[in-house]
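Here is the structure we will look at.
The values are calculated or read from the model by the stated rules, or taken from the named source; none is laboratory data. Computed from a predicted structure; not experimentally measured. Ideal geometry is used to build each Cβ from the backbone, glycine not excepted, and the neighbour counts take in all protein chains shown. Note: areas computed on protein heavy atoms with side chains; ligands, DNA, RNA excluded. Shrake-Rupley method; radii C 1.70, N 1.55, O 1.52, S 1.80 Å.
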Amino acid sequence: MKEDQAKSPRRSFDLIYAGALALIVVAANQLSKQLWHKGPFLAAADVYLVLLFAAWALRTLWRGELRAMRWPPWPAWGLVIVGALSLSRAASLKLGLAELAQMILYLFCAYMIFVNTFDSLGRIRTAIRLFLVVAGGLALLALVQYVARGFRDPEAVTATFGTRNVYSALVIMALPLGLA
């Protein structure tokens with residue numbers, strides 16, 4: 001029985017995989033807190049991503065999988081380097097550092113979690129389906145918001161986001177995946 005399980009390409013469900021799927025759901029809102037007066041906002045999804053990345057990194061080190069891990073592509077490194085260099089011309093060093101930290105968080109931490117956790121076709125399909133379910137739920141919520149306003153003021157439709165621009169960015173990402 002154990003030999004059959006060892007030969008099976010199907011991987012076990014682990015906590016990091018569950019956490020990465022939960023990140024897809026958590027990222028679909030903008031629950032946030034302003035760090036200081038006129039400072040940047042820290043989203044709950046950002047905090048969750050930092051905690052998930054720490055857990056993923058510890059597990060990767062514990063298992064000795066550092067050499068097998070996939071790293072972000074070179075353009076991501078270049079973008080972060082340019083972002084760091086631009087700090088010398090930033091109007092506010094605090095805001096510039098916050099933006100750079102968020103860039104690193106998404107271009108490195110999120111990338112590494114996703115590319116190293118969603119490493120099989122089945123896991124990728126599950127993540128995409130979950131994203132489409134979340135996006136569909138947000139679209140229904142936006143439709144309810146629009147109908148509740150009596151079909152007036154479509155610019156006020158934001159789903160769970162604070163602005164329609166961020167909501168529309170989610171829709172723009174979801175449309176090609178949903179139509180594929």
- Message: Among the numbered criteria (1) closer than 16 Å to residue 114 by Cβ; (2) at pLDDT below 85; (3) open to solvent by 40 Å² or more (accessible area, probe 1.4 Å), which one does residue 28 miss?
- Response: (3)
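Give the stretch 1-25 a look and list any residue that's among the polar types (S, T, N, Q) and either at pLDDT 50 or above or in contact with a Ser or Thr (Cβ under 7 Å, 6 or more places away or on another chain) (or both), or say none.
Step one: filter the stretch 1-25 for residues among the polar types (S, T, N, Q), giving 5, 8, 12.
Result: 12, single match.
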- Residue in the stretch 117-139 that is touching a helix residue (DSSP H, G or I) at 6+ places or on another chain (Cβ under 8 Å), at pLDDT below 90 and of a type in the set (Phe, Trp, Tyr) present: no
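Before we move on, is residue 90 modelled with pLDDT under 90 and over 22 Å from residue 24 (Cβ atoms)?
Numbers: modelled with pLDDT under 90: yes; over 22 Å from residue 24 (Cβ atoms): yes.
Criteria met by residue 90.
Quick check on my filter: what residues within the stretch 124-153 are of a type in the set (Lys, Arg) and farther than 28 Å from residue 23 by Cβ? Spell out the reasoning first.
Start the filter on the stretch 124-153 by keeping residues that are of a type in the set (Lys, Arg), which leaves 125, 129, 149, 152.
Hits for the stretch 124-153 are 149, 152.
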- Message: What's the total number of residues in the stretch 65-86 that are modelled with pLDDT of 90 or more and open to solvent by less than 70 Å² (accessible area, probe 1.4 Å)?
- Response: 8
- Message: So in the stretch 43-64, with the set limited to residues that are farther than 17 Å from residue 115 by Cβ and not hydrophobic (A, V, I, L, M, F, W, C), which one is modelled with the highest pLDDT?
- Response: 48
